[in-house]
Each structure stands twice: as C-alpha cells, then as structure tokens.
Amino acid sequence: MDGSTRRLAAILVTDVVGYSALMAEDEAGTLAALLAHRNATDPVILNHGGRIVKSTGDGVLVEFASATAAVSAASQVQEVMLERNAELPESRRMLVRLGINLDEIVVDDTGDIFGDGVNVAARVETLSDPGGIAVTNAVYEAVRGKTEAEFTDDGEHDLKNIPRPVRVWKTLGTPTAETSSDPVRRTLATVAVLPFDNMSDDAAQEYFSDGITEDLITALSYDAYLAVVARNSTFAYKGHSRDIRTIARELDATHVIEGSVRKSGSRIRVTAQLIDAETGHHVWAERYDRELHDIFDVQDELVDAIRARLTPALWETAGRRRSTGDIGSFDAWDLTIRGQFEANRYTIEGLLAGIEFFDSAKALDPTFAEAFAYSARAWFFLAFFGWRDDTVNPWHRGGEDAELAYALASDNYQTLGAMTLATGLAGDVDEAKRLAHRMVELNPLGYLGFHVLGAILAGEGSLDEAVEASTNAWRLGRHEPLRFDTASDLGYAHYLLGSYEAAVAWGRQSVDLVPDYLQSNMLLALAYAQLGRTEEGQRHVDNMLASRPGFSCAKQRTRWVYRREQDRDLLTDGLIKAGLPE
C-alpha cells in the first residue's frame with residue numbers, strides 16, 4: 001500500500017443496537033436521532049484526542065494514541081447516551097455497543113486505517129452489552145488502575161476470521177448518569193422556531209418573514225424556563241420540506257414553532273402553530289390580521305401565547321415587552337431586519353450592505369439598541385474575515401456601536417453579545433467574562449455566549465472550564481459560521497492542558513472547516529511539535545509562513561491573549577520546536 005505507515009494505536013468501534021429494526025420502523029426519525037446523538041458524543045471523542053477515521057452508517061471508527069484515552073472516552077460516551085436516553089420514551093431510546101483493541105495499525109495516505117487490530121476491535125464490539133464496553137486483554141492490561149471503568153473477565157472468544165482466541169473484558173454496567181453539563185437538558189422545554197414562510201406575492205419580502213422569526217427567537221430566549229434553539233441551526237431548514245418530528249429530533253427540541261407571514265400594502269397577516277415534537281400534534285395555532293405598525297403587539301401576543309402553553313407557572317410574567325426600549329418608528333425596525341437579512345449571508349458584500357441598513361435605522365431611531373448591536377457584530381465579522389480599508393477601522397467602529405447598544409439596553413442578548421466581543425477584544429477580560437456569563441444565563445442555547453465565554457476562560461487560565469464552555473458552543477453551533485474558531489479555541493485549551501493529541505484532534509476539525517485559518521494551522525504546528533511529529537506539522541508551518549511571510553516567535557508572543565506567563569511560555573516553546581523563526 002503506497003504511502004502507508006504503521007503505528008500502535010487504540011481502536012474504538014461503535015455500533016447502534018438494533019439499528020436495522022429502528023430504520024425499518026422510522027428511517028428519517030432514526031437518522032435524525034443518530035445525528036443528534038453524534039453531535040453530543042463526537043466532542044467527547046475529540047476532547048480525549050480521538051481521531052474519527054470514518055462513519056459507517058450507524059457505526060464510527062476512531063483511533064486513539066493510548067488505550068487509557070480510548071477507555072475514558074468510551075465511558076463518557078456511554079454516560080452521555082445514558083443521560084440522553086433517560087429523557088426519551090423507551091421506543092425512541094438508542095443504545096450503543098463499544099469495542100476497543102490495542103494493536104498495530106496500517107494507515108494509508110487518505111488517513112484510513114486497516115489491519116488485524118481494526119478487525120479485532122470490530123469483532124469485540126459485537127460482544128459488548130447494550131450500553132456497555134468490551135475490550136481486549138491488551139487494552140485491559142494497559143488501563144488497569146488508570147481509569148474508573150470496572151471490567152469483568154468474559155473469557156476467551158473465537159472471533160470470525162481471527163486465527164487465535166481473544167480474551168475479552170466487559171464493563172460491569174453503564175454508570176449512573178449525573179447532572180448533565182449540556183445546556184439543552186437544564187430547562188423545561190426546548191423550542192425550535194423554524195423560519196416563517198413568506199406568503200407575500202413579492203419574493204423581496206423574504207427579509208420580513210425572516211425578521212419576524214428572528215425577533216420571536218430573541219423574545220422567547222428571555223424566558224429562563226425555555227431553551228430556544230439558535231437562529232443558524234433552525235434557519236438551516238429554510239426552504240426544505242421535512243417532517244416536523246424529524247427536524248425536532250435533529251435539534252433536540254421538545255416543541256417546534258412554524259408559521260407564515262403575508263405582507264400586503266399596509267396590512268400584515270401572521271399565522272403561527274406550536275407543535276409537540278413527540279406526537280406531531282398541534283398544541284396551539286392562531287392567526288393575526290393587523291396593520292403593519294401593530295407588528296410589535298403581534299410579536300408580544302405570539303410570545304405570551306407560546307409561553308403560557310409551555311410554562312404555565314410563569315403566566316404572571318406574560319406581557320413582558322421588548323428590552324430594547326421603545327421603537328420610535330416602524331421603519332427603523334424594518335431597516336434593521338433588512339440589515340440582518342443581508343449580514344446573515346456572512347460575506348464581505350453582505351456585511352457591508354447590512355451596515356448600510358443599520359446606519360439608516362440608527363439615524364431614524366437613535367434609541368433602537370438592536371440596530372447598534374447588529375451593526376457592531378457586522379463590523380467585528382468584517383475584521384474577523386480580514387477586511388481592511390484605509391478609511392475605517394472595523395474594530396474601532398464595532399466597539400463604538402457596541403458601547404452605544406449596551407448603554408441603551410444593557411440586558412439584551414444581542415447588545416450583550418456585541419459588548420462582550422468589544423470588551424474582550426479591548427483586553428478587559430474580567431468584564432468580558434461577566435458579560436458572557438450573563439449571555440449564557442439569558443439564553444442557555446445561545447451559541448455566541450458559550451463561544452466567547454470559552455475563549456475568555458482560556459485566556460485567563462481557567463482551562464477545564466474553557467473546555468466545557470467551548471464544547472457546549474460546538475454542540476449548539478452546528479450551523480454557525482464561527483464554528484471553526486470554536487474548534488480552534490478547544491484545541492488551544494487542550495494544548496495548554498498538555499493534552500496534545502486532543503489539541504491535534506480539534507485543530508483538524510478547524511482546518512477541515514477553514515483550511516487557511518492562521519490560528520488553527522499554528523495550533524497544529526505547535527501540537528505536532530510537542531508530540532515529536534514535526535514532519536506532520538511542517539505542512540501547517542508552511543501554510544503559516546505563506547500567509548504571514550514576516551512571522552516570528554517574538555512578534556507572536558506579544559499577540560498572545562493569555563494572561564498566565566506559563567501559558568505564553570508553553571506556546572512559545574511550541575513555536576520554537578515547530579521550527580518557526582525566532
């Protein structure tokens with residue numbers, strides 16, 4: 001096999017119990033549930049340094065550098081599955097078998113792995129109990145006394161196409177689930193608001209129905225008893241005709257809201273339905289025919305009606321109004337949602353077009369905080385994407401708008417998001433952390449809050465907390481444009497913890513999403529260097545020097561955002577070992 005290499009590895013194989021029967025009964029629902037489970041368990045594998053080699057239908061093949069990492073990851077995967085299954089009806093529970101072997105493998109030039117070691121792992125997996133783990137004797141001897149997993153001797157087995165008997169050890173049982181760290185599981189109901197259909201004759205009115213949807217997501221997010229799926233996750237289904245229950249399973253939602261908007265002249269018609277995701281039955285439906293200037297009253301009525309049916313104990317709080325202050329003109333709000341529609345394309349052209357709309361909205365109503373908040377985020381995104389102009393500094397403009405937004409509405413998720421970015425970029429780590437925590441409190445399913453919190457915690461040296469926050473961001477941000485940066489943040493946190501294999505695992509995720517991202521290429525160069533795998537890291541060194549010819553370790557050290565001297569030293573040490581200019 002040309003280009004192949006050999007190395008010792010721990011091989012993990014997973015398989016869903018009774019998958020064929022589940023597919024025969026409900027193909028779409030089973031695939032959706034599997035995707036949601038994978039979104040929760042894949043980060044566990046990556047946090048333990050596992051390399052996900054490939055998926056095979058209901059199974060996954062993973063390579064680990066050590067048996068201890070493989071067993072620790074497998075144990076946590078089963079804990080996560082136990083937590084998730086506990087909240088599902090028995091008919092929808094999905095159990096997984098896990099098998100692990102320790103042996104030499106063959107790695108081809110595509111990264112795929114082969115050999116007897118892989119075959120044995122696949123055969124051992126079939127011996128695992130549902131919800132359990134089975135390992136070979138080599139794995140057991142390697143991890144004995146090093147992990148909390150308890151195994152019992154299952155004796156020797158003759159495995160298909162394996163010439164020698166294999167001694168197998170199995171876990172005594174799936175451990176008891178503790179309180180979940182997944183924010184999805186901390187609330188009474190998880191709501192997914194699907195993009196409202198534009199029923200107007202004019203396709204150009206699409207922005208209006210999107211704006212109604214986004215406002216509804218924001219308003220519902222203020223309820224501490226509700227978890228509301230992030231905007232980019234639900235908008236991924238825009239224009240797709242799919243079964244509501246299937247979408248809900250993919251999003252881990254207990255309820256789904258869908259509807260339509262028809263705008264004609266000075267009149268508007270909004271319809272909305274609240275659907276129980278388990279049964280597919282309508283819990284509530286309503287139609288509103290109003291004048292356009294009454295749109296804010298319609299939104300408030302929608303929110304109150306939905307909250308009343310999902311959280312009856314909170315009836316007394318119904319009628320809460322927008323926290324952005326009074327909107328002086330309908331046109332300002334209309335311009336803002338036009339701007340969101342453009343900016344949400346996340347291209348330089350879209351962001352610039354969005355800023356023009358936001359500026360017009362700000363001129364019409366200088367008290368409308370969200371116009372300033374969205375403008376700030378657009379400027380920051382322009383800076384993140386590397387846009388430069390001799391006449392304007394996007395960091396400075398973003399910071400100005402963020403401060404104005406926050407002054408107008410200090411407890412609004414969008415203004416907090418803008419101000420958190422502004423204060424973090426300005427170096428005020430303590431204030432940025434306080435604001436990020438408030439974002440998470442306001443919206444436990446908000447990707448941005450966990451994303452910025454993870455980066456801030458890593459910067460101050462709270463690395464284990466940073467991993468937890470950024471892992472939550474990764475789970476919640478399946479369709480977020482900044483997900484590549486979340487993966488990079490996780491990689492750096494693991495690097496500073498000394499978990500170089502996990503740093504590599506997350507670095508790969510980041511470059512898979514954005515191959516030329518400087519920070520993730522630097523991360524891989526550092527981590528590979530610490531592992532003594534400089535040849536593998538050289539490609540990432542070359543990528544860095546190609547995009548930044550004047551790079552030096554000394555210059556980079558002044559740019560590190562990490563407070564602790566020991567963290568900056570470890571990063572600099574990696575740069576030097578990677579062979580980058582001092």
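The values are calculated or read from the model by the stated rules, or taken from the named source; none is laboratory data. Computed from a predicted model, the values in this text were never measured in an experiment. With ideal geometry, Cβ positions are generated from the backbone for all residues, glycine too; neighbour counts draw on all protein chains shown. To get the accessible areas, we keep the full protein, side chains included, count just its heavy atoms, and leave off ligands, DNA and RNA. Shrake-Rupley method; radii C 1.70, N 1.55, O 1.52, S 1.80 Å.
Restricting Leu526, Leu476, Leu497, Leu490 to those that are in contact with a helix residue (DSSP H, G or I) (Cβ under 6 Å, 6 or more places away or on another chain) and surrounded by fewer than 21 Cβ atoms within 10 Å (Cβ to Cβ) reduces the list to Leu497. Scanning segment 455-470 for residues that are closer than 15 Å to Thr420 by Cβ and within 12 Å of the chain's Cα centre (by Cα) gives Ala469, Ser470. Of all the criteria given as (1) in contact with a Ser or Thr (Cβ under 6 Å, 6 or more places away or on another chain); (2) assigned to a loop (DSSP other than H, G, I, E, B), the one not satisfied by Arg563 is (1).
Condition first: in contact with a Lys or Arg (Cβ under 7 Å, 6 or more places away or on another chain), closer than 25 Å to Leu31 by Cα, crowded, with 18+ Cβ neighbours inside 10 Å and of a type in the set (Asp, Glu). Can you find one or more residues in segment 105-115 that meet it? Please lay out each step first, then the result.
Filtering segment 105-115 down to residues in contact with a Lys or Arg (Cβ under 7 Å, 6 or more places away or on another chain) leaves 105-107, 112.
Subset that is closer than 25 Å to Leu31 by Cα: 112.
Those left that are additionally crowded, with 18+ Cβ neighbours inside 10 Å: none.
Checked segment 105-115: no residue is in contact with a Lys or Arg (Cβ under 7 Å, 6 or more places away or on another chain), closer than 25 Å to Leu31 by Cα, crowded, with 18+ Cβ neighbours inside 10 Å and of a type in the set (Asp, Glu).
Taking segment 116-134 as the range and being over 31 Å from the mean Cα position of the chain (by Cα), under 26 Å from Leu82 (Cβ atoms) and either surrounded by 19 or more Cβ atoms within 10 Å (Cβ to Cβ) or among the small types (Gly, Ala, Ser) (or both) as the test, the residues that pass are Arg123, Val124.
The number of residues in segment 60-92 being outside any helix (DSSP H, G or I) and surrounded by 18 or more Cβ atoms within 10 Å (Cβ to Cβ) comes to 7.
Selection of strands (runs of 3 or more DSSP E) fully inside segment 192-301 by the criterion of at least 2 residues being open to solvent by 60 Å² or more (accessible area, probe 1.4 Å) returns 255-264, 267-276, 282-291. Whenever a residue of segment 567-582 is surrounded by 18 or more Cβ atoms within 10 Å (Cβ to Cβ), its partners that are part of a loop (DSSP other than H, G, I, E, B), lying with C-beta atoms within less than 8 angstrom and at least six residues away or across chains, give the pairs Asp567/Gly461; Asp567/Trp560; Leu571/Trp560; Leu571/Tyr562; Leu580/Phe551; Leu580/Ser552.
Residue pairs whose Cβ atoms lie under 9 Å apart, sitting 6 or more positions apart in sequence or on different chains, and linking a residue in segment 143-164 that is touching a residue at least 24 places away in the same chain (Cβ under 8 Å) to a partner that is acidic (Asp, Glu) and open to solvent by less than 100 Å² (accessible area, probe 1.4 Å), are Ile162/Asp116.
Going by the conditions given, is Asn472 touching a residue at least 40 places away in the same chain (Cβ under 8 Å), closer than 19 Å to His37 by Cα and not aliphatic (A, V, I, L, M)? Spell out the reasoning first.
Working: touching a residue at least 40 places away in the same chain (Cβ under 8 Å): yes; closer than 19 Å to His37 by Cα: yes; not aliphatic (A, V, I, L, M): yes.
For Asn472, the condition - touching a residue at least 40 places away in the same chain (Cβ under 8 Å), closer than 19 Å to His37 by Cα and not aliphatic (A, V, I, L, M) - is met.
Residues considered: Gly57, Gly18, Gly49, Gly99. Of these, the only one that is buried (at least 17 other Cβ atoms within 10 Å of the Cβ), more than 28 Å from Asp489 (Cα to Cα) and small (Gly, Ala, Ser) is Gly99.
In segment 495-527, the qualifying residues are those that are over 16 Å from Arg548 (Cβ atoms) and aromatic (Phe, Trp, Tyr), and the one that is farthest from the chain's Cα centre (by Cα) is Tyr500.
Have a look at Tyr346, Tyr447 and point out the one that is within 30 Å of Asp516 (Cβ to Cβ), surrounded by 24 or more Cβ atoms within 10 Å (Cβ to Cβ) and of a type in the set (Phe, Trp, Tyr).
One residue alone meets the criteria, Tyr447.
Looking at segment 462-473 only, could you name the residues that are open to solvent by less than 20 Å² (accessible area, probe 1.4 Å) and among the small types (Gly, Ala, Ser)? Result: Ala466, Ala469, Ser470, Ala473.
Any idea which of (1) outside any helix (DSSP H, G or I); (2) surrounded by 22 or more Cβ atoms within 10 Å (Cβ to Cβ); (3) of a type in the set (Asp, Glu) is the one Asp401 doesn't satisfy? For Asp401, the exception is condition (1).
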